[in-house]
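Please treat every number below as a calculation from the coordinates, not as lab data. Every value quoted in this text rests on a predicted model; they were computed, and no experiment measured them. Reconstructed Cβ throughout: ideal geometry from the backbone, glycine too, with neighbour counts over all protein chains shown.
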Ligand code: HAM
């Protein structure tokens, strides 16, 4: 019986990987300009890290985590997101004491046992950003602007919309939560069973529920913005002014509460209408209490994560194509094979991509493969080339060829390739 991959898990095959590589390059370039440095964090963490930060009464912690006891008897979880690990690493490595202003980003796999569908997987990849140490609204605007710049650089700014909201500080959130609990209790018979249960533990979740009856019942629910204290109102207002000033278009969505419990003040989502139910391509917000909650010195923070599978779906197949080799080595006979192998290495040392067939097939078959794989040039080594120590260079697109010394052939091909790369 053939072994198959798990449901909700994917193979990224060679034809798709150029898009991943290009995307990681664009992301790294833009984030580096904004002063963010890359961190690489573990995939496995102690389970309590996630239950304490994301929140016990959230979908992720209640039913989506891959948690197991390892052979050492420790309860561990495949990370469902990156913020908890980043904050853990920030505290564990003493940044809260030595270097509390830090801008980090990461790229990697996250794991959630959700129901798979278009744009929703059980292993998926995020590019995440965490910006520690700045309480001021300038940091919120800067991080959101960076996200917008990335989508602009990818040519997607016209196909996504930015929504923002504010949940306020811990006191505001508590006041709002109480207000929402009262509002929910008055409509309890219209809520789904899950929301009925959550109302006592985590009332904000009723605004997040996908069930149509809950959405209808909570349509005119109070907004967190109406429960903000003066300082949080001012903060939210400055974020909006700064975004306006940067020309970043946004809409305030007073219902946005986010599915993770650690948020305070600004929250935001980048949405698309092109991926069906999975409409969030990126999301994030502030988490000013999280560092302290994980045992660090009080340090504000904020960030976001982009779902890379969703982003790649939006970018489409045309966005990045597989590299075709510059040169195909065509040869006949054992001596020619040795020469072709040597020449291939010399070309690759000059940054030329080459390919060769090892099966000693006919020249005709090799030329056919050269055309099929899209090579631009063929380096042909037959008996007469071996005898004279020469090589025939054939431009496959123009069907022109010339026989040259090995050095001249290398020079010609690598110069032409560099020139065409620069066009
Ligand atoms: P999140 O909203 O849970 O936030 O996820 C961020 C993004 O990851 C989503 O908007 C979506 O694009 C993608 N995503 C989530 N689940 C899946 C899935 N099952 N399949 C495919 N893509 C998915 C966080 O994870 C926070 N840690 C973001 C953050 C960073 N907040 C502050 N800093």
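Which value, in nm² and rounded to one decimal, describes the direction-averaged projected area of the C-alpha convex hull of segment 304-359?
Taking the Cα atoms of segment 304-359, their convex hull projects to 6.4 nm² on average.
Calculate, axis by axis, the spread of Cα positions in segment 1-68 along the three principal axes, and write the results as whole Å, longest axis first.
So the extents along the principal axes, rounded to whole Å, are 46, 37, 19.
No solvent, one uniform scatterer per C-alpha: report log10 I(q)/I(0) for segment 200-257 via the Debye equation at q = 0.25 1/Å, two decimals.
-1.03
Applying a 10 Å radius around every beta-carbon, put 316-325, 19-28, 128-137, 267-276 in order of their mean neighbour count, most first.
In descending order of packing, they fall as 128-137, 267-276, 19-28, 316-325.
What is the Cα convex hull volume of segment 327-422 when expressed per residue in Å³?
86 Å³
Please report, in Å, the Rg and the Dmax of segment 110-234, where both are computed over Cα atoms only.
17.8, 48
Among 165-177, 362-374, how do they line up from the highest to the lowest mean number of other beta-carbon atoms within 10 Å?
165-177, 362-374
For segment 94-146, place one equal point scatterer on every Cα, skip the solvent, and apply the Debye formula. What is log10 of I(q)/I(0) at q = 0.18, 0.25, 0.27 Å⁻¹?
-0.75, -0.94, -1.00
Rounded to the nearest 500 deg cm²/dmol, what is the calculated helix-only ellipticity per residue at 222 nm for the chain, with -39500 (n - 2.57) per DSSP H run of length n ≥ 4?
Rounded to the nearest 500, the figure is -11500 deg cm²/dmol.
If you build the convex hull over the alpha carbons only and average its shadow over all orientations, what do you get for segment 370-423? Give it in nm² to one decimal.
3.9 nm²
Kirkwood-based Rg over Rh for the chain (C-alpha set), two decimals?
With Rg and the Kirkwood Rh in hand, the quotient comes to 1.12.
More than 14 Å apart: what percent of Cα pairs in segment 56-96 qualify?
So the pairs more than 14 Å apart make up 61 percent of the total in segment 56-96.
To one decimal place, what Kirkwood hydrodynamic radius in Å is obtained for segment 50-122 from all pairs of distinct Cα atoms?
That comes to 14.1 Å for segment 50-122.
Would you mind putting 46-55, 207-216 in packing order, based on average other-beta-carbon counts within 10 Å, highest first?
Averaged packing, sorted descending, gives the order 46-55, 207-216.
Taking every pair of alpha-carbon atoms in segment 195-334, give the share separated by more than 28 Å as a whole percent.
Value for segment 195-334: 38 percent of Cα pairs lie more than 28 Å apart.
Roughly what percent of Cα-Cα pairs across segment 1-152 reach past 18 Å?
Result for the distance tail: 66 percent.
Equivalent-ellipsoid semi-axes (√(5λ), Cα gyration tensor) for segment 254-334, whole Å, largest first?
45, 20, 8
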